[in-house]
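The values are calculated or read from the model by the stated rules, or taken from the named source; none is laboratory data. All values derive from a computational prediction rather than experimental measurement. Quick reminder, even Gly has a Cβ in these numbers, built from the backbone with ideal geometry, and neighbours come from all protein chains shown.
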Amino acid sequence: MPNSPVNSLKDLKGKKLGFTNPRSTSQALAVLLMEATNLKANEVELVRTGGFGAGLTVLELGGVDAVPVAEPLWSKSIGKYKLIAAAPDILPALSNVVGVTTAEAIRTRGDFIRGVILARRKAVEFMRTNTKEAAAIIAKAYDLSPAMSEATVRNLLDSEKKGGVPYWGAGDIRIDTMNNMIRAQKLVGAFQGDVDWAKLIDESFLPDDLRTKPVR
């Protein structure tokens, strides 16, 4: 809250940090934040809040000292809360979206899969070059005000300037960001074992310039 003595992540020592639900990405991010700030597990109390919106309610009632806020909730709440850290400034790049298809679709609907990948890439490029117009389309689809939609899109696009990795990629597969996410999930017990990406990834549907290696 604006009047809170917590002004940085280091100030969370001895405080309560909210997260949405056990084994969630927000819990993993809380652990990563503590790790990046050299805070030990017993120095910060993690509190389940049940959701991002619910977390803000708990924050306002004094049940926790800080909570994570995702878009577009952050853009909707600008000026109401104090920002003590932004994800791109301190966290490793994490892949939170991947494209998944079935073996049957790979065999029988290759052109459709390629079309989806190309269409998404075109949409991402449009958001970059025609942000205001793209935000208006998004506002209508997600029932947001045009101003809030534009603030959200610009904020997420600008995150690339801080973290070096675009929030919306062109469709290329970033193994480093996927490995970072796997590690995050392991930290909260949401994933066990190792991942053999070679057995799971098929780049043959990607445009040539997005492939990490030639397709035989």
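Values as computed for the structure displayed
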quantity: Top-ranked residue of region 188-206 - restricted to ones that are surrounded by fewer than 17 Cβ atoms within 10 Å (Cβ to Cβ) and touching a residue at least 60 places away in the same chain (Cβ under 8 Å), ranked as farthest from residue 23 (Cα to Cα); calculated: 202
quantity: Test for residue 153: is it β-branched (Val, Ile, Thr) and within 24 Å of residue 88 (Cα to Cα); calculated: yes
quantity: Any hit, region 69-91, residues being closer than 15 Å to residue 15 by Cα and without any contact (Cβ under 8 Å) to a residue 24 or more places away in the chain; calculated: no
quantity: Subset of region 182-216 that is part of a helix (DSSP H, G or I) and aliphatic (A, V, I, L, M) - its residue that is farthest from residue 102 (Cα to Cα); calculated: 187
quantity: Count of region 56-79 residues which are closer than 10 Å to residue 17 by Cβ and in contact with a Lys or Arg (Cβ under 9 Å, 6 or more places away or on another chain); calculated: 3
quantity: Criterion (at pLDDT 90 or above and of a type in the set (S, T, N, Q)) met by exactly one of 145, 159; calculated: 145
quantity: Residues of region 11-26 classified as at pLDDT below 95, of a type outside the set (Gly, Ala, Ser) and not in a loop (DSSP other than H, G, I, E, B), total; calculated: 1
quantity: Some residue of region 20-27 being touching a residue at least 24 places away in the same chain (Cβ under 8 Å), outside the structural domain of residue 164 (by TED's automatic domain parsing) and of a type in the set (Val, Ile, Thr); calculated: yes
quantity: Flag if residue 119 is loosely packed, with under 12 Cβ neighbours inside 10 Å, over 17 Å from the mean Cα position of the chain (by Cα) and of a type in the set (Gly, Ala, Ser); calculated: yes
quantity: Region 128-159 - residue that is within 17 Å of the chain's Cα centre (by Cα) and free of Cβ contacts under 8 Å to residues at least 60 places away in the same chain and, of those, surrounded by the fewest Cβ atoms within 10 Å (Cβ to Cβ); calculated: 158
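Every residue, every condition in (1) assigned by TED's automatic domain parsing to the domain that holds residue 33; (2) at pLDDT 95 or above, yes or no:
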site	(1), (2)
65	yes, yes
75	yes, no
82	yes, yes
85	yes, no
98	no, no
108	no, yes
113	no, yes
116	no, yes
120	no, yes
